[in-house]
Amino acid sequence: YQRREHGGRLREISKMSSRVSRDRVADVVLSQDAIRSLLAMKTVGTQEGLLLTFAVLDVSRYLADEDVPLVLNEEIRPNDFDVFDLLVSDGGVKAKMVLSLRLNHLVHKGALLPGSVLQVEEMDVRYDETKIGSGHDKLLIIKKAKVLSSSGVRPSVDVPFAHPTPERWKDPVPLVGDRGCYLGLLDEDSTNISTAFIRQHERREEDRTAAASRFSSKNNAVEEVPESFRVHSSCPSIMDVLRRRLRTSDTFAQDVVGRVVRKSKLHHFGAPLKKNKFPFQFSLILCDASGSVQVVCWSTSALLYHPSVQLGDVILVRNYRFKDRFSVPELSINPKNPKGLIQVLNQEQYSLWSGVSVRSVFQFVPSRRMSLYADGQEVDFVGICLFAGPLRRVRHKETDRSQFHCYRWLRLADHHCPTQIPIKVYANSQLNLLQSITPGSLLLLNRLVIRSTTVDSLTARSVWLKSTTWSSILSEERSLALDLDPINEVFDWWNANKSLFQLAHFDSEYIVPNQRVESTMRRGPQFTALCRKVHEPLSVTPLSQLQSIAESLAYLECQVVVVQGLLTDISITQLPLALFASSSSSSSS
């Protein structure tokens with residue numbers, strides 16, 4: 001490491017000069033023992049003139065609250081409220097550090113990702129005085145750094161934490177501020193928090209507020225459903241519970257049993273520079289033979305039950321609270337006062353329940369009848385994925401630089417018609433499942449909206465599908481477990497005819513799944529003729545602005561532009577054969 005004399009004395013960072021690791025990761029030498037030396041420093045402040053090389057194990061994102069500018073001593077930039085924590089390793093131990101707000105562009109542009117190699121030139125070592133009991137926990141802030149390598153490095157995540165290890169390093173919670181968990185790095189409505197941490201956090205909150213709570217311990221406690229529990233045919237229906245609600249208080253202890261017919265994505269409603277520990281919410285629609293009711297989960301209850309409750313499950317709802325939203329009753333599940341419970345029942349537990357069957361949850365429409373439905377109609381579709389496009393991101397709002405939603409273009413086919421149906425599928429809090437989709441897999445997509453393009457009366461109507469907030473992706477394993485005839489028919493057809501199809505999985509940046517549906521304006525091969533017929537202004541981007549537009553895009557962000565110019569050259573690009581995969585022959589192109 002560099003030594004630098006300041007005020008007639010060598011800086012304390014010079015003590016690390018003789019300890020350099022010779023273990024290379026992708027031809028990069030990591031600064032071993034650097035983390036231990038930083039934590040052992042007796043003085044705090046800005047450390048300049050460093051050349052510390054770390055391997056980035058993980059990058060975590062969260063929304064800045066009112067404590068972040070105070071702790072980091074930096075101003076929040078307009079429309080950029082992200083804060084990033086880095087889990088880095090020096091080859092011997094690992095530690096969590098905060099990235100300066102001035103370096104957010106490294107993550108936004110995709111240069112700083114898990115697996116990158118980061119060279120730190122300036123750091124700020126200080127204590128976070130906003131947290132009680134954290135006087136002995138140092139906060140390491142990366143003020144100036146550059147990325148040596150953006151990918152290709154896969155260091156081991158099994159290295160131990162540096163000693164002494166702050167508690168906030170072990171738990172998946174942000175280092176700065178009062179946020180309770182991290183957000184997804186790519187998608188706004190996804191989290192990487194575990195169920196075990198949520199349960200541990202709720203137990204801590206119960207122990208902390210038990211003495212001061214104005215509610216009794218009976219109302220705060222929740223009784224788990226035992227394995228011997230059975231739903232009887234005489235249990236109250238949803239309509240019975242709603243009628244009794246009119247004559248009782250807001251909190252009602254009677255259990256509600258129903259089948260999940262709709263499930264929304266996990267909504268993140270956190271506001272920047274505001275304190276809200278777990279700003280999450282999602283909704284369910286429960287149905288039985290008498291009617292339906294909406295169940296809304298809040299805060300940690302939303303994080304706990306969203307991954308465990310699936311479409312078509314029969315669940316039991318207990319310790320809910322009644323709310324009237326726009327004169328429509330709903331059941332609210334909160335983490336406390338009282339602590340609500342949602343329990344997924346197995347088939348043996350609800351065998352005597354006289355409710356709706358799982359067949360009534362889905363309204364399957366075959367591909368040959370898709371063109372008979374009007375635009376905006378919600379349908380369910382089951383088919384085989386024959387094309388899987390690359391993952392793309394789109395801004396939630398054009399003026400917002402931090403909120404993104406991820407989507408992919410898929411093409412699905414079934415046994416009713418050889419025509420492939422293009423589908424624009426958003427992540428909807430299922431980012432890992434969306435990324436894992438490969439051609440040849442069976443998928444069930446719920447609550448899709450029909451969209452179409454009609455150029456003129458002589459051209460056939462082009463139909464495509466798009467997911468909504470209530471859309472869900474069911475994997476092949478989950479779909480086959482439902483044991484429904486439309487799903488089994490598609491599965492049997494594919495096993496008998498898969499050798500006749502060629503699958504396509506493109507990771508290339510310049511291949512789009514369908515030229516008719518990728519544009520947000522008017523779609524179709526007759527684009528020129530169509531533009532003369534519509535009365536909408538056509539926004540053409542000058543070629544001189546393409547460079548600035550490209551520089552403003554975030555990692556994996558997709559933006560559609562229309563350009564015009566004189567064609568000066570045509571070249572043919574040879575695609576690698578690895579992009580094409582055929583189940584019948586590996587040499588087919």
Quiz item: Tell me, what is the FRET efficiency for LEU480 and VAL159 to the nearest 0.05, using R0 = 51 angstrom and their Cβ-Cβ distance as r?
Solution: 0.80
Quiz item: Mind listing the phi-derived Karplus ³J(HN,Hα) values for region 286-303, rounded to whole Hz, using 6.51, -1.76 and 1.60 with θ = phi - 60°, and x for any glycine or proline?
Solution: 9, 9, 9, 5, 8, x, 9, 8, 9, 10, 10, 9, 10, 6, 5, 5, 5, 5
Practice problem: Report the full-extension gain for the segment ASP80 to LYS144: residue separation times 0.36 nm, less the Cα-Cα distance, to one decimal in nm. | Solution: 21.2 nm
Self-check item: Kirkwood Rh and Cα Rg combined as Rg over Rh, evaluated for region 335-404
Solution: 1.13
Exercise. Using amide H atoms built 1.01 Å from N in the peptide plane, name the residues 5+ places from SER452, or on other chains, whose amide H lies under 5 Å from its own.
Key: TRP464
Practice problem: Filter the GluC sites (Glu not before Pro) in region 322-427 down to the DSSP loop ones having no more than 16 other Cβ atoms within 10 Å, then list what survives. | Solution: GLU348, GLU398
Practice problem: In whole Hz, with x marking every Gly and Pro, tabulate ³J(HN,Hα) for region 175-189 from phi via Karplus 6.51 cos²θ - 1.76 cosθ + 1.60, θ = phi - 60°. | Solution: 6, 10, x, 10, 5, x, 7, 8, 9, x, 6, 9, 10, 6, 9
Practice problem: State the extension gain, in nm to one decimal, for the chain segment bounded by GLU557 and GLN435, taking 0.36 nm per residue of separation less the distance between their alpha-carbons. | Solution: 42.4 nm
Practice problem: Work out how much length LYS274 to SER571 would gain on full extension: take 0.36 nm times their residue separation and subtract the Cα-Cα distance, in nm to one decimal. | Solution: 101.6 nm
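Every number here is computed from the coordinates shown, using simple stated rules; none is lab data. What you see is a predicted model, and the numbers here were worked out from it, not measured in a lab. Glycine also receives a Cβ, built like all others from the backbone with ideal geometry; neighbour counts cover every protein chain displayed.
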